[in-house]
Amino acid sequence: MAQEIHSFEDLKLNRQLLSAIEDLGFDTPSPIQKQAIPLIQAGHDLIGIAQTGTGKTAAFTLPTLMKLKYAQGENPRGIILSPTKELVLQIKEHIIQMAANTDLRCVALYGGVGPKTQIEEIKKGVDILVCTPGRLMEIYAKGALVLKDVNTMILDEADRLMDMGFMPQLRNLLEIIPHKNRQNLLFSATFPEKVEELAGEFLDFPVRVEVTPESTPVETVNQKVYHVPNFRTKINLLEKLFEDEETFHRVMIFANTKEVANNIFSFIERKVTKDVRIIHSNKGQNARINAMKDFEGGDVRFLVATDVSARGIDIKEVSHVINFETPPKYEDYVHRIGRTGRAYHVGEAISFINKAEEYHFKEIQKVIKMNIPVSKLPEDLTVEPTPRQENIDMERVIDKFKRRADPNFKGAFHEKKRKPQNNTSQKSRKGSSSSRGRNKSTRRRR
Ligand code: ADP
Ligand code: MG
């Protein structure tokens with residue numbers, strides 16, 4: 001880069017934008033903003049990778065607003081694609097704030113509501129569209145949208161777009177949006193293979209800026225872990241921790257599945273407080289938006305979420321992220337804890353791990369190159385016995401990890417024939433149908 005960027009003034013932005021940035025209270029550009037904005041302004045196609053909460057939205061919005069300058073014609077010139085309605089609305093909100101001193105027109109297109117109002121808005125003239133791929137395609141198919149003037153196209157949260165299976169829809173869109181002279185930008189928190197593939201199809205000779213290695217968690221997050229033997233005890237631990245209302249004032253609780261999320265939610269609602277909401281993919285769009293609003297507005301203390309429902313959503317000043325379950329994918333761990341410590345606020349991420357999750361957690365620590373300190377369970381915590389099926393399920397996961405480490409390992413269900421190892425593995429061995437399944441699959445592998 002030719003010139004060192006220290007402040008927003010060093011970026012080639014006009015007075016209108018600088019004043020909006022000031023109103024937003026941004027002092028200095030974040031690292032991804034410093035690096036990406038000058039390259040975008042120089043006309044490059046760009047891949048921008050930076051962890052959640054690092055200001056990617058402004059990194060692509062500011063130069064785009066600068067380029068579009070003022071309202072012009074009827075048809076959109078900029079298109080931003082994002083995977084969910086919540087994200088679309090969040091980006092639109094950000095654009096409206098940054099474009100406050102301009103006459104640029106921004107319209108959001110998303111599903112869950114009828115297209116009529118959105119089509120009417122487009123008809124009034126639009127400069128920037130923020131949309132989910134499905135709704136954009138739908139409205140285009142109705143003939144309500146002219147895409148020939150699009151000169152800037154942005155894929156935000158590209159990793160989520162890929163995870164949610166948007167590739168075929170994106171390919172269709174790329175076919176109908178004129179490619180000539182179009183500047184393309186792709187932003188993502190992580191850069192897995194699928195995103196690389198998308199980047200290859202979507203961008204021309206892109207420059208790539210990567211601000212932090214994708215696996216480094218936000219430094220301001222204080223991480224710790226509790227060893228908790230089973231589900232019931234995890235619930236007891238939640239209840240215990242939440243007694244401290246002052247410390248745990250804005251808490252996101254993550255589960256791996258919507259079933260577990262529902263369980264946690266009902267428990268908190270029943271035992272702790274009605275001040276709790278839940279978001280997961282089975283909830284209606286309106287329920288999810290209301291849940292987010294209540295949590296963001298500070299009306300409720302607790303938000304229970306799954307990875308799919310929560311990725312990329314910007315909620316500020318979360319005091320704690322609780323990993324009620326360890327996510328099997330380390331990227332999800334990084335995304336989860338990115339909810340706290342966002343935008344310069346210090347936060348805490350607490351993981352509850354049982355004996356099977358210890359293995360996943362070890363992997364996570366390896367990848368993020370950190371040792372997360374273990375906290376002692378509170379003295380007065382009620383530790384419940386582990387139900388038999390729950391134990392079997394955990395042993396199965398442990399077997400998998402052990403076999404991966406040692407291909408000759410035959411699994412806990414074989415243990416006794418060789419040498420007895422410990423009580424738990426013997427207990428779960430006894431004549432369960434799943435142990436037969438296990439033997440079979442072990443045999444098949446060898
Ligand atoms: P990302 O898309 O990378 O996850 P966002 O663009 O949603 O992150 O930004 C995260 C938060 O940081 C938002 O609340 C945003 O307003 C704030 N933010 C962005 N840029 C700056 C900045 N330069 N200074 C202070 N806060 C910022
Ligand atoms: Mg974002």
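Bear in mind these aren't lab numbers, they're just calculated from the coordinates by the rules spelled out. Just so it is clear, the structure is predicted and the values come from calculations on it, not from any experiment. As a convention, Cβ positions derive from the backbone with ideal geometry for all residues, glycine included, and neighbour counts pool all protein chains shown.
Cα-based radius of gyration for the chain, normalised by 2.2 N^0.38 Å, reads 1.10.
Here the chain is assigned +1 on the Cβ of each Lys and Arg and -1 on the Cβ of each Asp and Glu. Its dipole about the Cα centre then comes out at about 2880 debye.
The equivalent ellipsoid of segment 1-91 has semi-axes of 20, 17, 15 Å, largest first, where each one is the square root of 5 times an eigenvalue of the Cα gyration tensor. Got a sec? Charge dipole of the chain, +1 on Cβ for Lys and Arg, -1 for Asp and Glu; which of 98, 39, 256 is way out at the positive end? Of the candidates, 256 comes out farthest on the positive side. The per residue volume of the convex hull around the alpha-carbon atoms of segment 111-212 is 114 Å³. Placing dummy labels 7 Å off each Cα toward the beta-carbon, the span from residue 72 to residue 22 is 2.7 nm.
The Rg/Rh ratio for segment 222-317, using Cα coordinates for both the radius of gyration and the Kirkwood hydrodynamic radius, is 0.94.
Based on DSSP, what percent of beta bridges with both residues in the chain are antiparallel, to the nearest 5?
Details: 0 of 51 bridges.
Of all bridge pairs located within the chain, approximately 0 percent are antiparallel.
For the chain, the longest principal axis of the C-alpha atoms and the axis of helix 167-176 are separated by about 10°.
Around residue 243, what is the net charge, scoring Lys/Arg as +1 and Asp/Glu as -1 over all other residues with Cβ under 12 Å from its Cβ?
Details: positive: 240, 271; negative: 239, 244, 245, 246, 380.
It works out to a net charge of -3.
As a rough footprinting exposure proxy, the listed residues 157, 121 were ranked by other beta carbons within 10 Å of their own, and the order from fewest upward is 121, 157.
The angle between the Cα long axis of helix 85-98 and the main principal axis of the chain comes to about 40°, on a 0 to 90 degree scale. Calculated on the Cα set of segment 147-259, radius of gyration then Dmax: 20.9, 60 Å.
Calculated translational diffusion coefficient of segment 8-210 (37 °C, 0.692 mPa s; Stokes-Einstein with Kirkwood radius over alpha-carbon pairs) equals 195 µm²/s.
Go ahead and run the numbers for FRET between residue 182 and residue 257, Cβ-Cβ distance against an R0 of 45 Å, rounding to 0.05. Write out the running numbers ahead of the final one.
Numbers: r = 40 Å, r/R0 = 0.89.
It comes to 0.65.
Counting other beta carbons within 10 Å of each Cβ, put 176, 128 in order, fewest first. Provide the component values of the computation, followed by the final result.
Values: 176 13, 128 24.
Ordered from fewest to most neighbouring Cβ atoms within 10 Å, 176, 128 come out as 176, 128.
Report the gain in length on full extension from residue 383 to residue 275: 0.36 nm times residue separation, minus Cα-Cα distance, nm rounded to one decimal.
On the way: separation 108, 0.36 × 108 = 38.88 nm, distance 2.57 nm.
Fully extending the segment from residue 383 to residue 275 adds 36.3 nm.
Length available on full extension from residue 208 to residue 299: 0.36 nm per residue minus the Cα-Cα distance, which gives 28.7 nm.
In terms of distances greater than 32 angstrom between alpha carbons, the cross-link table entries 34/274; 240/366; 12/124; 240/410; 67/366; 92/180 yield 34/274; 240/410; 67/366.
Just need the relative contact order of segment 33-191 here, percent rounded to a whole number, with Cα pairs under 8 Å and 6+ apart.
On the way: 275 pairs, mean separation 50.4, N = 159.
Computed over segment 33-191, the figure is 32 percent.
Taking the Cα atoms only, what angle lies between the long axis of helix 433-445 and the longest principal axis of the chain, rounded to 10 degrees? For 433-445 against the chain, the angle is about 70 degrees. Counted by Cβ distance under 11 Å from residue 204, the other residues give a net charge of 0, where Lys and Arg count +1 and Asp and Glu count -1.
Could you put 275, 332 in order, starting from the residue whose Cβ has the fewest other Cβ atoms within 10 Å?
Numbers: 275 13, 332 22.
With the fewest neighbours first, 275, 332 line up as 275, 332.
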